[in-house]
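K.L.:
Dropping a structure here in structure tokens format, bear with me for questions.
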Amino acid sequence: MDSKGNVYVADTYNFRIQKFNSKGALMTKWGTGGDGDGQFLHPMGLTVDSKGNIYVADSNHRIQKFDTNGKFITKWGSYGSGDSQFIKPNGIAVDSKGNIYVADTYNDRIQKFGRP
């Protein structure tokens, strides 16, 4: 949820993110299958920061950042076990300072990133 009560859903097998208002009405959706900017293999988790930016953990071994309307901002990550690399990240959270925590599933670890 964001600070306005909007709910974001990682619609994993439809390769998209959906945004609903607090009454459950669909406001917007974005994403298609693929590995380009704004595309997903299987978005597994997401979080919203204090500015309304959405961070999505995708099975494409990366994190993507979007604005509140779904416009692509940036991405990071690649396949592997080194720093800033992932193997199917599935959970993501942001703290009050803007640090991003990623559950890096098959590397059995959590990675912490400063605000991108």
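The values are calculated or read from the model by the stated rules, or taken from the named source; none is laboratory data. Keep in mind that what you see is a predicted model, and the values were worked out from it rather than measured. FYI the Cβ positions are ideal-geometry reconstructions off the backbone, even for glycines, and counts take in every protein chain you see. Side chains included, ligands, DNA and RNA excluded: accessible areas come from the protein's heavy atoms. Shrake-Rupley method; radii C 1.70, N 1.55, O 1.52, S 1.80 Å.
K.L.:
Once phi is turned into ³J(HN,Hα) by the Karplus curve 6.51 cos²θ - 1.76 cosθ + 1.60 with θ = phi - 60°, what whole-Hz value does each residue of the stretch 64-70 show in order, with x for glycine and proline?
P.N.:
10, 10, 10, 7, 4, 9, x
K.L.:
Further question on the same structure: Pick from 60, 90, 14 the residue whose mean-square fluctuation is largest in a GNM of the chain, springs joining Cα atoms under 10 Å.
P.N.:
14
K.L.:
Something else: Quick one: net charge around residue 40, please, counting Lys, Arg +1 and Asp, Glu -1 for every other residue with C-beta under 10 Å from its C-beta.
P.N.:
-1
K.L.:
Take the residue pairs 23/88; 51/88; 29/112; 19/71; 51/112; 23/75 and return only those whose Cα atoms are more than 24 Å apart. Walk me through the intermediate numbers first.
P.N.:
Values: 23/88 32 Å; 51/88 26 Å; 29/112 28 Å; 19/71 13 Å; 51/112 19 Å; 23/75 31 Å.
23/88; 51/88; 29/112; 23/75, as the Cα separations exceed 24 Å there.
K.L.:
Expressed as a whole number of Å, what is the distance separating the alpha-carbon centroids of the stretch 1-53 and the stretch 93-107?
P.N.:
17 Å
K.L.:
Taking the structure as given and computing P(r) over Cα pairs in 10 Å bins from 0, in percent, which label from [x] 12, 41, 31, 13, 3, 0; [y] 15, 50, 31, 4, 0; [z] 14, 45, 30, 10, 1 fits?
P.N.:
[y]
K.L.:
Under 10 Å, Cα contacts only: if you run a Gaussian network model on the chain, which one of 93, 103, 25 comes out with the highest mean-square fluctuation?
P.N.:
25
K.L.:
In addition: I need the shape label for the stretch 16-58. Rule: rounded when a/c is under 1.5, else prolate if a/b > b/c, else oblate, with a, b, c from the alpha carbon gyration tensor.
P.N.:
Here the stretch 16-58 falls in the oblate category.
K.L.:
Got the relative contact order for the chain handy, in percent, Cα pairs under 8 Å and 6 or more residues apart?
P.N.:
Relative contact order here is 16 percent.
K.L.:
Leaving ligands, DNA and RNA out of it, rank 49, 95 by accessible area with a 1.4 Å probe, largest first.
P.N.:
Per-residue accessible area, sorted high to low, gives 95, 49.
K.L.:
Another question, if that's okay. Under 1.5 on a/c is rounded, so check that first for the stretch 1-40, then, if it is not, pick prolate when a/b is larger than b/c and oblate when it is not; a ≥ b ≥ c are the square roots of the alpha carbon gyration tensor eigenvalues.
P.N.:
Prolate is the answer for the stretch 1-40, as a/c is 1.5 or above and a/b outweighs b/c.
K.L.:
Right, here's the next one. Quick one: among 75, 19, 51, which has the greatest mean-square fluctuation in a GNM of the chain with alpha-carbon springs under 10 angstrom?
P.N.:
The residue that fluctuates most here is 51.
K.L.:
Please list 3J(HN,Hα) in residue order for the stretch 10-20, calculated via the Karplus relation 6.51 cos²θ - 1.76 cosθ + 1.60 where θ = phi - 60°; whole Hz, with x for glycine and proline.
P.N.:
Running phi through 6.51 cos²θ - 1.76 cosθ + 1.60 with θ = phi - 60° gives 7, 8, 3, 8, 9, 6, 8, 10, 10, 10, 10 Hz.
K.L.:
Roughly how many Å² is the accessible area per residue of the stretch 36-116, as a whole number, for a 1.4 Å probe?
P.N.:
Accessible area per residue, the stretch 36-116: 48 Å².
K.L.:
Give me the extension gain from residue 105 to residue 78: residue separation times 0.36 nm, minus the current Cα-Cα distance, reported in nm with one decimal.
P.N.:
Values: separation 27, 0.36 × 27 = 9.72 nm, distance 1.36 nm.
The span from residue 105 to residue 78 would gain 8.4 nm if fully extended.
K.L.:
Between residue 96 and residue 21, what FRET efficiency comes out of the Förster formula 1/(1 + (r/R0)^6) with R0 = 22 Å and r the beta carbon distance, rounded to 0.05?
P.N.:
Result of the calculation: an efficiency of 0.35.
K.L.:
Same structure again: In terms of modelled amide H atoms, which long-range or inter-chain residues lie less than 5 Å from the amide H of residue 87?
P.N.:
For residue 87, whose amide H was placed from the backbone, the distant partners under 5 Å are 80, 105, 106, 107.
K.L.:
Roughly to the nearest percent, how much of the accessible area of the chain is carbon and sulfur, given a 1.4 Å probe?
P.N.:
Ligands and nucleic acids excluded, carbon and sulfur give 49 percent.
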